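Since the structure comes first, as structure tokens, the remarks are kept for the end.
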Amino acid sequence: MAKKVAVLVVNPVNGAGLFQYLEAFYENNVGYKTFAVSDSINVKTNSGISIQADDVVASLKGNEDAYDALVFACGDAIPKFSENAGEQYNQDMLAVMKNFDDKGKIMIGHCAAALLYDNLGIGKGKKVALHPFIKDVVKDCIGTDEKAIVDGNIYTAQTENAIPELIPQLLEVLK
């Protein structure tokens, strides 16, 4: 039976990245639910397109057992996170990420996902693909030049352009 995936949608989200994950899940009968990292289900893409998530991240907190994997759909995540780090929705997102990892669940992300994983102690000593601009910033994860990499429960792609290289490995474990 296919696994169920929780998808974190930051605001604004990189639509090109988000839609690649969602399309792959939909076309391969992998169940998923989107959670806005926001006070509202209404979010925008980096290019300004309005979309509606299924729910907000606060609803996922404490309900991690209903899902087998977590996707961090990057966008302008790091600049927006630094502007709004104290907001409850960002604190909920970090708690959810930590809870998923503590349970050994599949962690999926691209671009800056590895930086957040690193800051939370997720993937300590594991190889990650991450945006080239932040490769030297991670401390406990091992930043690589790989386009996509899987190390244990951590599935990462360098940027949204590398997600297609990660998708086959994701589908293998999620179907």
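Some notes on this structure:
- Pairs meeting the criteria (first residue in the range 117-132 and modelled with pLDDT under 95, second residue of a type in the set (G, A, S) and in a strand (DSSP E or B), beta carbons under 7 Å, at least 6 apart or on different chains) are L130/G143.
- Filtered residue count, the range 121-147, keeping only those that are buried (at least 21 other Cβ atoms within 10 Å of the Cβ) and over 19 Å from L8 (Cβ atoms): 1
- Residue in the range 102-111 that is modelled with pLDDT of 90 or more and either of a type in the set (F, W, Y) or in a helix (DSSP H, G or I) (or both) present: yes
- Top-ranked residue of the range 98-120 - restricted to ones that are more than 15 Å from A73 (Cβ to Cβ) and touching a helix residue (DSSP H, G or I) at 6+ places or on another chain (Cβ under 8 Å), ranked as surrounded by the fewest Cβ atoms within 10 Å (Cβ to Cβ): K103
The values are calculated or read from the model by the stated rules, or taken from the named source; none is laboratory data. Quantities reported herein were computed from a predicted structural model and do not represent experimental measurements. So basically every Cβ, Gly included, is an ideal-geometry build from the backbone, and we count neighbours across all protein chains shown.
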